Amino acid sequence: MLQAGRGRQHGALIINRVVPVQKNSKLRAADKISAAPEPMNKKNINPDPGCAGGFAEASDARLGALLREASRNAGPALPPRFQEGVWRRIEEAAAPVKSNGGITWLDALATLVLRPRLALATATVLIVAGALLGVREGNQMAKQDAQARYLAVVAPNSLR
Amino acid sequence: MNRSLIILLGALILGAALFGGSYFASQRACRMTRSADDLSWLRAEFHLGDAEMARIQKLHEGYLPKCAEMCAKIAAKKSELEMALNGTTNVNPVAQQKLAELAALRAQCQAQMLQHFIEVSQTMPPEPGRRYLAEMQRLTLGFHEQTEQSMSESAGHEHHHP
């Protein structure tokens, strides 16, 4: 019991050394690593300058320890292959965007369209344009109907 | 299929649906709010006031029974013409007589109608009055003019090419 308590305290100390604020989410551990003093990238994933060789194993072990401690302190157990998932997401985020020839502009356009401000503006323009055209067309049709009604009363078809 | 293409197609469909929906809703609302009165067109088209509309309404109510009477006479004459033509392979003298009577009735009715248009135009301010008369003549007499013109053109075309 005493040992487990010490272990927990030690784990908490490690996490607090990286980032002093304790968070609830399981993903916070990954965030804490990315918030380390020396930023990680594809070439230097391990922020520790003393571990240039074999950095992947060392950082993996350190992340594993952190995650284990975090999971013990945070409550429910982590889902299976969580650690791999975290590394994959970090690598995906760090990796440059793959360009696929001619459809790059399509991706750029999609990104532009998905911006909430632009999407809202486009929807507004469409609604206003549709409403204006509808009113114009409706007025035109109503005018034609009224004219036909008047003509039908004063000039029956047999005279036209 | 490319994800971007799906997104853009979805945005396009959504945009078209928004545009179409607002278009039809506005059109429907606009048509529903318009008055169903027979003379509403005159008021809206020629920008007439209440006093002018009251005078036109009076003329209109005076004209309608006369128009209905002429229409009944024309309908009766058409029935007589159909009876005269029934079972014959040529235009007999009776049918010719009925055709002449029908044409005379139509001419009389048209003259009465044009007289009504002139009276209505005189109750309007000068410019809308002129426009009304020209429009009514175009709408009521223009049909025959077009038919006659097209027939004369086709006849002339045939003469040029024996």
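Under the condition of being within 7 Å of chain B (Cβ to nearest Cβ), under 19 Å from B:Leu9 (Cβ atoms) and either in contact (Cβ under 8 Å) with a residue 24 or more places away in the chain or in a helix (DSSP H, G or I) (or both), the residues counted in the stretch A:109-160 number 6.
Within the stretch A:79-89, is there a residue that is loosely packed, with under 10 Cβ neighbours inside 10 Å, modelled with pLDDT of 80 or more and in a helix (DSSP H, G or I)? Scanning the stretch A:79-89 turns up no residue that is loosely packed, with under 10 Cβ neighbours inside 10 Å, modelled with pLDDT of 80 or more and in a helix (DSSP H, G or I). When B:Glu61, B:Glu80 are checked against the criterion of being surrounded by fewer than 11 Cβ atoms within 10 Å (Cβ to Cβ), modelled with pLDDT of 90 or more and over 30 Å from A:Thr122 (Cα atoms), B:Glu61 stands alone in meeting it.
Residue-level analysis places B:Tyr63 among those that are hydroxyl-bearing (Ser, Thr, Tyr) and in contact (Cβ under 8 Å) with a residue 12 or more places away in the chain.
Of the helices (runs of 4 or more DSSP H) entirely within the stretch B:1-91, those holding at least 3 residues that are of a type outside the set (Ser, Thr, Tyr) and over 26 Å from the mean Cα position of the chain (by Cα) occupy B:3-33, B:50-85. Pull up the stretch B:112-122, narrow it to residues that are surrounded by fewer than 19 Cβ atoms within 10 Å (Cβ to Cβ) and over 12 Å from A:Val154 (Cβ atoms), then point me to the one that is nearest to the other protein chains (Cβ to nearest Cβ). Out of the qualifying residues, it is B:Ile118.
Taking the listed residues B:Glu45, B:Glu52, B:Glu61, the one that is under 12 Å from A:Ala142 (Cβ atoms) and not β-branched (Val, Ile, Thr) is B:Glu45, with no other qualifying. Can you name every residue in the stretch B:63-81 that is under 15 Å from B:Ala104 (Cα atoms) and aliphatic (A, V, I, L, M)? Result: B:Met70, B:Ala72, B:Ile74, B:Ala75, B:Ala76, B:Leu81. Selection of the stretch B:17-54 for residues being more than 20 Å from A:Arg149 (Cα to Cα) and surrounded by 14 or more Cβ atoms within 10 Å (Cβ to Cβ) yields B:Leu18, B:Phe19, B:Gly21, B:Ser22, B:Tyr23, B:Phe24, B:Ala25, B:Ser26.
Kindly evaluate B:Leu64 against the criterion of being under 30 Å from B:Glu127 (Cβ atoms) and within 9 Å of chain A (Cβ to nearest Cβ). Even if it seems obvious, please write down each step before you answer.
Numbers: under 30 Å from B:Glu127 (Cβ atoms): yes; within 9 Å of chain A (Cβ to nearest Cβ): yes.
Yes, satisfied.
From the set of residues in the stretch B:78-111 that are of a type in the set (Lys, Arg) and at the interface with another protein chain (Cβ under 10 Å from one of its Cβ atoms), which is farthest from B:Met136 (Cα to Cα)? Taking the candidates together, the pick is B:Lys78. Total residues in the stretch B:17-58 satisfying the condition of being more than 8 Å from every other protein chain (Cβ to nearest Cβ), closer than 30 Å to A:Thr122 by Cα and of a type outside the set (A, V, I, L, M): the figure is 1.
Residue by residue, here is whether (1) closer than 30 Å to A:Leu133 by Cα; (2) touching a Lys or Arg at 6+ places or on another chain (Cβ under 7 Å); (3) not assigned by TED's automatic domain parsing to the domain that holds B:Arg130 holds:
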{"site": "B:Ile7", "(1), (2), (3)": "yes, no, yes"}
{"site": "B:Ser22", "(1), (2), (3)": "yes, no, yes"}
{"site": "B:His60", "(1), (2), (3)": "no, no, no"}
{"site": "B:Cys67", "(1), (2), (3)": "no, no, no"}
{"site": "B:Ala75", "(1), (2), (3)": "no, no, no"}
{"site": "B:Leu85", "(1), (2), (3)": "no, no, no"}
{"site": "B:Leu102", "(1), (2), (3)": "no, yes, no"}
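The values are calculated or read from the model by the stated rules, or taken from the named source; none is laboratory data. Here the structure is a predicted model, which means the values were calculated and not measured. Reconstructed Cβ throughout: ideal geometry from the backbone, glycine too, with neighbour counts over all protein chains shown.
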